[in-house]
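Worksheet: the structure to be examined is printed underneath.
The values are calculated or read from the model by the stated rules, or taken from the named source; none is laboratory data. Every value quoted in this text rests on a predicted model; they were computed, and no experiment measured them. Neighbour counts run over all protein chains shown; Cβ positions are idealised from the backbone, glycine included. Note: accessible area is taken over every heavy atom of the protein model, side chains too, but ligands, DNA and RNA are not part of it. Shrake-Rupley method; radii C 1.70, N 1.55, O 1.52, S 1.80 Å.
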Amino acid sequence: MIPENLERGNFGSRFGFILAAAGSAIGLGNIWRFPYFAGEHGGGAFVLVYLVFVVLIGIPVILAELSIGRASQKNPVGAFRALAPGSAWPVVGLLGVTCAFAILAFYSVVAGWTLGYLYESLTGGLSGVTTAEKSEALFSGMIGSPLLPIGLTAAFMLLTVVVVRGGVSGGIERASKILMPVFFVLLVVLAVRSMTLPGGSEGLGFLFGFDWSKITVKVVISALGQALFSLSLGLGAMITYGSYLPRRENLWTSGATVAFFDTSIALLAGVIIFPALFAAGGDPAAGPGLVFVTMPTVFNALPGSTLVGVAFYSLLVIAALTSTISLLEVVVSYFIDERGWGRGAATWTLGSLCFLLAVPSALSQGAFASLSRDGLLGRDFLDVQNIVFGNYALSIGALFICLFVGWRWGIAAAAREIEHGGHLFSMKKAWSVLVRFVCPLAVLTILGFIIYTQDYF
Ligand code: TRP
């Protein structure tokens with residue numbers, strides 16, 4: 001039985017957990033990051049490598065994290081300490097907590113942009129956006145101003161703090177339960193509209209047309225980072241969520257279900273963005289603004305475009321919120337469990353500090369030249385954080401999580417946790433080979449190639 005700990009909380013039901021974990025996974029990673037990475041890295045080649053990594057690395061790591069979390073009932077640092085007492089393994093958890101904090105610090109900026117777009121859609125600001133140029137101007141006007149992005153980031157961080165403050169089943173579960181299915185339906189409608197735009201099929205060709213010659217080390221590391229980022233893996237978010245999961249639940253089917261929905265939503269986002277983009281004659285490698293600039297053209301091709309826009313941005317805000325919640329929860333649960341803080345103090349303090357770290361990213365989109373694209377490694381500050389933490393740190397985190405489960409804690413102990421309550425884990429053999437050999441070797445090989453080519457960004 002689970003020790004009932006009111007400061008930590010628990011998920012009330014299996015359906016609630018799947019939706020909360022899916023809520024963590026589904027977010028800007030799917031709608032914003034996936035299309036912009038796919039566009040930047042040549043389309044179909046990236047998409048195929050990404051899909052292979054979801055199956056061969058993402059699903060094994062999601063199971064590894066959930067089993068660590070549920071077996072230990074702890075935050076990422078406490079979990080490693082509980083399962084490997086007296087070792088240096090808790091350092092991996094600490095890296096994860098740090099990484100969650102750093103990802104939240106740029107994620108909340110982009111989430112702030114979605115709030116800005118929600119405002120625009122509510123006040124009719126998107127209805128005049130009939131051409132790509134107008135859309136581009138609206139976007140750069142919003143994110144390039146000095147104060148607005150900071151205010152939007154602060155507003156989003158406040159929303160996150162308020163929900164995390166409410167605790168796991170109060171805030172997180174209730175919000176996810178209703179809205180994620182609605183989001184799914186809206187995306188399907190938008191995808192159908194976009195695919196039937198004149199010229200849209202070219203976009204589908206870009207997204208799914210596979211070309212070997214486009215596969216480079218950069219494409220491969222970006223696809224790996226994207227698979228992990230999108231599934232919320234590599235820093236212990238699923239360890240934390242697993243720790244709130246009752247022992248009777250089936251980790252294997254829950255994990256696989258989350259991976260399936262998360263990946264479907266990313267592909268749906270691609271199927272919305274690229275046909276619309278090609279129909280409007282835009283550039284797939286446009287970078288972080290891709291989704292924001294493209295979406296209004298899809299709405300304007302639909303009847304009731306204002307309503308569709310409002311629905312889309314409301315749901316995107318909520319999808320982003322269920323993700324920022326999970327990031328902040330990782331950091332907060334560490335301070336509650338390991339440092340004895342109260343939930344309220346931890347949430348407010350850490351949320352405020354993270355907001356401060358977000359300010360340079362908020363200013364990096366034009367307001368402050370030396371943080372922008374030309375100032376830094378050919379990438380702006382937000383993008384640098386995105387790549388360092390979202391690709392490299394998560395890959396290294398996933399590597400250590402696999403090594404821990406495969407070689408230290410042990411496949412047998414992890415499998416016992418997964419099978420707890422008599423659940424059938426039919427993929428045990430395959431999972432064991434993937435966690436022990438395939439995942440670690442794949443990540444090491446990719447990182448080795450990157451170091452060899454020194455082409456980090
Ligand atoms: N997966 C989320 C998204 O796709 C982002 C996210 C939430 C995340 N928690 C995480 C990424 C933990 C990595 C690790 O938007």
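When residues of segment 312-346 are filtered for being within 20 Å of G69 (Cβ to Cβ) and either within 16 Å of the ligand (Cβ to nearest atom) or crowded, with 18+ Cβ neighbours inside 10 Å (or both), how many remain?
Final tally of qualifying residues: 19.
Return the only residue of F101, F53 being more than 29 Å from K428 (Cβ to Cβ), assigned to a helix (DSSP H, G or I) and within 16 Å of the ligand (Cβ to nearest atom). Let's see the steps before the verdict.
Working: F53 fails: more than 29 Å from K428 (Cβ to Cβ).
Exactly one residue qualifies, and that residue is F101.
If I ask for residues that are open to solvent by 10 Å² or more (accessible area, probe 1.4 Å) and among the polar types (S, T, N, Q), which ones from segment 216-231 would you list?
Keep residues of segment 216-231 that are open to solvent by 10 Å² or more (accessible area, probe 1.4 Å), which gives 216-218, 220, 229.
The answer is T216, and nothing else.
Within segment 71-80, is there a residue that is among the basic types (K, R) and in a helix (DSSP H, G or I)?
No, that holds for no residue.
Identify the single condition in (1) under 30 Å from R81 (Cβ atoms); (2) buried (at least 23 other Cβ atoms within 10 Å of the Cβ) that V293 does not satisfy, given that it satisfies every other one.
(1)
Can you find a residue that is within 25 Å of the chain's Cα centre (by Cα), touching a residue at least 24 places away in the same chain (Cβ under 8 Å) and surrounded by fewer than 21 Cβ atoms within 10 Å (Cβ to Cβ) anywhere in segment 402-421?
yes
Name the pairs whose Cβ atoms lie under 6 Å apart, with the first residue in segment 337-359 and closer than 27 Å to Q73 by Cα and in contact (Cβ under 8 Å) with a residue 60 or more places away in the chain, the second of a type in the set (S, T, Y) and buried (at least 18 other Cβ atoms within 10 Å of the Cβ), and 6 or more positions between them or separate chains?
Within 6 Å, no pair qualifies.
Residues that are within 14 Å of the ligand (Cβ to nearest atom), surrounded by 24 or more Cβ atoms within 10 Å (Cβ to Cβ) and of a type in the set (V, I, T): does segment 240-254 have at least one? Outline the logic, then answer.
Taking segment 240-254 first, the residues within 14 Å of the ligand (Cβ to nearest atom) are 240-242.
Those still in the list that are surrounded by 24 or more Cβ atoms within 10 Å (Cβ to Cβ) too: 240-242.
Filter again for of a type in the set (V, I, T), leaving 240.
Scanning segment 240-254, I find at least one residue that is within 14 Å of the ligand (Cβ to nearest atom), surrounded by 24 or more Cβ atoms within 10 Å (Cβ to Cβ) and of a type in the set (V, I, T), so the answer is yes.
Scan L376, L357, L350 and give me the residue that is at pLDDT 95 or above and open to solvent by 40 Å² or more (accessible area, probe 1.4 Å). Can you show your working first?
Working: L376 fails: at pLDDT 95 or above; L350 fails: open to solvent by 40 Å² or more (accessible area, probe 1.4 Å).
Criteria check complete, one pass: L357.
Assuming G234 fulfils every condition listed in (1) more than 11 Å from the ligand (Cβ to nearest atom); (2) under 25 Å from L48 (Cβ atoms); (3) open to solvent by less than 10 Å² (accessible area, probe 1.4 Å) apart from one, which condition is it?
Condition (1) is where G234 drops out.
Can you pull out the residues in segment 121-155 that are in contact with a Gly (Cβ under 8 Å, 6 or more places away or on another chain) and surrounded by 20 or more Cβ atoms within 10 Å (Cβ to Cβ)?
Residues satisfying the conditions are S121, L126, L138, F139, M142, I143, P149, L152, T153.
Being modelled with pLDDT under 95 and among the hydroxyl-bearing types (S, T, Y) is the filter here, so list the residues in segment 247-301 that pass it.
Within segment 247-301, T253, S254, T257, T294, T297 meet the criteria.
Within segment 10-39, track down each residue that is away from the ligand (no atom under 16 Å from the Cβ) and either at pLDDT below 95 or within 25 Å of I239 (Cβ to Cβ) (or both).
Within segment 10-39, N10, F11, G12, S13, R14, F15, G16 qualify.
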